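Working notes, structure below.
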Amino acid sequence: MERNEKIQMLLDMQEHPENYLEQELKTMLEDPEVCELMEGTALLKQAMIWENTRKNAVNVDTEWQRFAGQHIIDSKPRSRWLKIAAVFLGVLFVSGITFAAIHIVRMVNSQKSQTVQTEQPVPIKPSTTMPVDTVKTDTIAPKIIRYDEATLQKILTDLGEYYRLRVELRNEDAKTLRLFFQWNQRQEASKVLEQLNTFERIHLVLNDSTIIAE
Amino acid sequence: MKTNEIEILFRQHYNQMIQLARMMLYDDEESRDVVSEVFAALVKTDIMPRNVENYLMTSVRNRCRNLLEHKDVRAKFEQVYVAEMKQGSVDDEDNLSPMAVERKYEQVIAYAKKQLTEQTLMVFQMRHLQGMKYQEIAEQLGISKVMVYKHLTKAMTIIKEYQDKII
């Protein structure tokens, strides 16, 4: 076969290798002249890639960040763990405040209150002998509600109903964000929102009669 | 190895390593993976290789060869993989200094630019660097498919001439 014929066949094989049997391709590769033609093509291809790479330098910073994020445990993941730890500390902090509040109420009432871990808020049995200064003027006694992995939307809806406030969710995340939270209904709405704002990713504003999740 | 040691090596050698991988695999994603794997192996070890640069480049080359060996013969034709061939140009670089490699490619490019028309070089790039089909190239450049064959034939002949001259 003449060189030109070989080139034509090689070009066709490169374009449509699926049209040839594996054995035909292997036989072609065993031909020294075809081998040289392939190597020549590869040489020019490599030289062009080399030239392009030289002109368009790689951003090593970006590549390092990508690598560190995937393979080095103590670079990016550490900050993620720190964030998680911060959320838990926030939960502990808020829980600590509410636990102290429960404890005081217990001391005053000398009555056990009960909390159940469930997404559905379970009211703690209200005291029947609550001192006058802790009882609201309305007929419903304040409770401590414990939320276990409840959505922020659910918590805010409950807050809205209790404090008679409208709820406006401007942030889509607020609908799905789940958290552990204890709500002491004795506290004013602004105080409860302040506690919720200690969580990362939550930003709540009380504007007139509306709770806004931004 | 410590993170800061790996970062220094990464910043020093990444460009050279990715370039080698690209020239062997012709694929950006695969090349990135290969270089990442080499550094990932360093993360797991406490031993600093004696000749770091040599170790990194050899590791890239070996991993690329390993990948190429597993490509089927059709892919070898389509992509013109040559690493496992007897006189594969990338293989030869084992014994070449970076300066010599640079000179080698500069000479190839210079020869090609001198002997081939801009359109032939364009057709070659479209086919081999961008992976376009002959029909697509013809349509994009407004030429016939036969002309695409002619340009590629010319490119192959000229490079063969160049190889014959330098040997």
Problem set entry | All positions within region A:45-65 that are charged (D, E, K, R) and either at the interface with another protein chain (Cβ under 8 Å from one of its Cβ atoms) or over 30 Å from the mean Cα position of the chain (by Cα) (or both) | A:Lys45, A:Glu51, A:Arg54, A:Lys55, A:Glu63
For this session: Find the residue count for region A:21-41, including only residues that are outside any helix (DSSP H, G or I) and at the interface with another protein chain (Cβ under 8 Å from one of its Cβ atoms).
Result: 0
Exercise. What is the number of the single condition among (1) within 16 Å of A:Met13 (Cα to Cα); (2) at the interface with another protein chain (Cβ under 9 Å from one of its Cβ atoms); (3) modelled with pLDDT of 85 or more; (4) surrounded by fewer than 14 Cβ atoms within 10 Å (Cβ to Cβ) that B:Asp72 does not meet?
Worked result: (3)
For this session: Considering every residue within region B:3-10, establish whether at least one is in the same structural domain as B:Met126 (by TED's automatic domain parsing), at pLDDT 80 or above and more than 30 Å from A:Lys26 (Cβ to Cβ).
Result: no
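The values are calculated or read from the model by the stated rules, or taken from the named source; none is laboratory data. What you see is a predicted model; the values in this text were computed from it and never measured. Note that we place each Cβ from the backbone using ideal geometry, even for glycine, and neighbour counts take in every protein chain shown.
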